[in-house]
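Read through the structure below, which is laid out as structure tokens, and then see the notes.
The values are calculated or read from the model by the stated rules, or taken from the named source; none is laboratory data. Just so you know, these numbers come straight off a predicted model, no measurement behind them. Neighbour counts are summed over all protein chains in view; Cβ atoms, including those assigned to glycine, are modelled from backbone coordinates with ideal geometry.
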Amino acid sequence: MSLEEIFAFHAQEAGPPRFAEFGAWVVTRYSDVDRVLTGHEVFSSDELRYSAQPIPHRDNPLLRSLLATDPPRHHALRRIVSQVFTPRAVAALEPMINERVSIAGSRLDLVHDVAYPLSVHTIADLLGVRVSPDFVRWTEAITSFFGTFTADETEFRQALREIRAFFREESSNGVVATLRASGLTEDELINFCVLLLINGHETTKTLLVDAMLCLAGQPKPADLATAVEEVLRYLPPTGGTDRFVTRPTTLGGVELQPGDRVVAMISAANRDPAVFADPHTFDPSRTVNPHLSFGHGIHFCLGAHLARMEVRIALAALLDRTWQVADLKTRRTPVGIDVLELTLSAA
């Protein structure tokens, strides 16, 4: 898939809810997506409890993590795990992040040389665990099956066994030990660590890659923080997210029933002309930017500040030179596009 095709994929128009062939209602208007993200009483994240369809990946720890939990348990868990992302804890990582961003040579694979090493080591530093060479492989196996159910189930289950064993071994170290002492059960602890490992480094990797896709060949923005927010709007790390209807309701003029799956398309909501001026134009100086790329409501991303900081620091180093996209390898997912390789060449 070319760079132009990636941009075109995200340029879908916001409109009424539609029923997709994969068995879910797809929601694209900003107001509808925002309601789905914030109305957790009607649009639940708990797939195991509310989905009316079979769940091939029901063993996935993400389905038992904070991400897929409703109140009141969600609030209790979030209070405990929020201590991982205190301003002091995140700020303490900044010197290490600066040290790890090393850009050498006139040609690099952004994914493998910069984005993955930076994000994986940062998550390990945050948790106080050793870096495993299998982090990326585990993430690929779990997210591939989680997203499509067509990947090798053997690899999915092997990754689950290995990642659980890893965090059991590391449970006496750093923040992991602190969380255990805070009252989390072993399953809750491991589920949170898996969530943080997968979502934390995958989101940061994708955001950095998307930033370079948007900024390659352009002058360095005057305000990198503002430019990162526009990348989040224009090419969000996650195209959409699932919710499950808990009781009869109406959304965008459509009647929904308990058990219905709703896919809130964040990428489309971020291009809604009712909210964003000239929405299909990438404007790194855009200041009015209420994008939904880190969610909204009780499930707003805990690691949003850390991801922003990592990407801003990496961009500051990268954009000291002008880069061109030399080669691009991607794969299509149900709610977005994953960049597997991105080769940059210094202009």
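Only residues that are among the charged types (D, E, K, R) and either more than 28 Å from Ile55 (Cα to Cα) or at pLDDT below 90 (or both): list them for the range 6-34, please.
Glu13, Glu21
Looking at Ala52, Ala14, Ala104, which one is part of a loop (DSSP other than H, G, I, E, B), farther than 15 Å from Asp260 by Cα, in contact (Cβ under 8 Å) with a residue 40 or more places away in the chain and of a type in the set (Gly, Ala, Ser)?
Within the list Ala52, Ala14, Ala104, the selection yields Ala14.
Taking the range 70-88 on its own, how many of its residues are under 25 Å from Glu162 (Cβ atoms) and at pLDDT 90 or above?
0
Run down Leu207, Leu213, Leu232 and say which single residue is assigned to a helix (DSSP H, G or I), out of contact with any Ser or Thr (no Cβ under 8 Å at 6 or more places or on another chain) and within 17 Å of Leu306 (Cα to Cα).
The match here is Leu207.
Given Asp260, Asp278, which one is closer than 25 Å to Leu224 by Cα and among the acidic types (Asp, Glu)?
Asp278
Filter the range 213-263 for residues that are among the aliphatic types (A, V, I, L, M) and in contact with an Asp or Glu (Cβ under 8 Å, 6 or more places away or on another chain); which is nearest to Ala11 (Cα to Cα)?
Per the criteria, the residue is Leu235.
For Arg35, only one of the following conditions fails: (1) part of a loop (DSSP other than H, G, I, E, B); (2) of a type in the set (Lys, Arg); (3) in contact (Cβ under 8 Å) with a residue 60 or more places away in the chain. What is its number?
(1)
Would you check if there is a residue in the range 49-67 being surrounded by fewer than 19 Cβ atoms within 10 Å (Cβ to Cβ), at pLDDT 90 or above and within 30 Å of Thr178 (Cα to Cα)?
yes
Can you name every residue in the range 1-11 that is exposed (fewer than 14 other Cβ atoms within 10 Å of the Cβ) and either without any contact (Cβ under 8 Å) to a residue 60 or more places away in the chain or closer than 14 Å to Pro279 by Cβ (or both)?
Glu4, Glu5, Ala8, Ala11
Among the residues of the range 278-292, what is the count of those that are over 14 Å from Leu235 (Cβ atoms), modelled with pLDDT of 95 or more and not charged (D, E, K, R)?
So the count comes out to 2.
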